[in-house]
């Protein structure tokens, strides 16, 4: 645990990403030794600007506060996982610029390697909110984990649907673990950290006290895409955060599915673009069997676009 204090401490320095962590460990053998190194040796690290190098050298002066914070987190059941630890989530290692440090509540299970991401707009329609819950319940009934980013709209309804269906859900929020609001989960029986139980896992790469920020939400999109074995877009505008997640998923070779709408509007133009690009088309719950088969490796992702549009749209 002593070495992890240094990881937590350095992770709070702005501009210190995974690549720099790796170089510090390779150069000095541990982050503890890196903090004890003179400035000129820190400045030798490629890609490290002078301001960040100086911040690393000063970091050792405030370790006591970080040590207290680490004790507080572990006392609450938060796991602090570095990218050198065996328990680092395997699929998150596939993400672009994997996080050097993760804060995790709950235990990952083998089932979570076969997760579906349910993603979409924060200001989505009531139809999409309802479908997100309905579809997540279907996945839960088929022992498929639902992963998303806990934003309002589609994301949160995907999480809730999975829990209503007595399944598992993996939450990757755009905030620090101490800023995570468990409130939206209370309607499905999760009242505090102690009864997250074996149904919910929360993973954050942000410093524990970080508030929700647009930049952090965009960054966590790559983690949602990496954890998912397939991505289902419920409702998306063009040039949206949802399509950013899809972009990361495509780079990783994850199959993409999209909800069909009978009436095309600005709110679903992202869906239309993805459909034209060859995404599998989902109209009703019956179509979700295709995603379950893909996630379980039983079938390659195919084009469902020959089916009619959903008359409920």
Total residues in the range 260-294, condition over 16 Å from residue 236 (Cα atoms), surrounded by fewer than 19 Cβ atoms within 10 Å (Cβ to Cβ) and touching a helix residue (DSSP H, G or I) at 6+ places or on another chain (Cβ under 7 Å): 1
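State which residue is surrounded by the fewest Cβ atoms within 10 Å (Cβ to Cβ) when the search covers only the range 12-29 and only residues that are part of a helix (DSSP H, G or I) and out of contact with any helix residue (DSSP H, G or I) (no Cβ under 8 Å at 6 or more places or on another chain). Working first, answer last.
To start, the set of residues in the range 12-29 that are part of a helix (DSSP H, G or I) comprises 18-28.
So of that shortlist, the ones also out of contact with any helix residue (DSSP H, G or I) (no Cβ under 8 Å at 6 or more places or on another chain) come out as 18-19, 22-23, 26.
Details: 18: 17, 19: 15, 22: 14, 23: 16, 26: 9.
The qualifying residue surrounded by the fewest Cβ atoms within 10 Å (Cβ to Cβ) is 26.
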Answer from 77, 47 - the residue that is loosely packed, with under 13 Cβ neighbours inside 10 Å, in contact with a strand residue (DSSP E or B) (Cβ under 8 Å, 6 or more places away or on another chain) and touching a residue at least 24 places away in the same chain (Cβ under 8 Å): 77
Residue check for residue 62: surrounded by fewer than 18 Cβ atoms within 10 Å (Cβ to Cβ), assigned to a loop (DSSP other than H, G, I, E, B) and not assigned by TED's automatic domain parsing to the domain that holds residue 245: no
Which numbered condition residue 147 fails, given (1) out of contact with any strand residue (DSSP E or B) (no Cβ under 9 Å at 6 or more places or on another chain); (2) closer than 18 Å to residue 249 by Cα: (1)
Residue satisfying all of: in the range 102-115; outside the structural domain of residue 198 (by TED's automatic domain parsing) and crowded, with 23+ Cβ neighbours inside 10 Å; farthest from residue 245 (Cα to Cα) among these: 103
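Do you know which of the residues in the range 184-206 that are more than 15 Å from the chain's Cα centre (by Cα) and modelled with pLDDT of 90 or more is surrounded by the fewest Cβ atoms within 10 Å (Cβ to Cβ)?
Top of the filtered list is 184.
When you scan the range 195-305 for helices (runs of 4 or more DSSP H) that lie fully inside it, which ones turn up with 3 or more residues that are touching a residue at least 60 places away in the same chain (Cβ under 8 Å)? Steps first, please.
Details: elements: 214-227, 241-251, 269-276, 288-295.
In the range 195-305, the matching helices (runs of 4 or more DSSP H) lie at 214-227, 241-251, 288-295.
The values are calculated or read from the model by the stated rules, or taken from the named source; none is laboratory data. From a predicted model like this one, the values you see are computed outputs, not experimental measurements. Cβ: placed from backbone, ideal geometry, glycine included. Neighbour counts: every protein chain shown.
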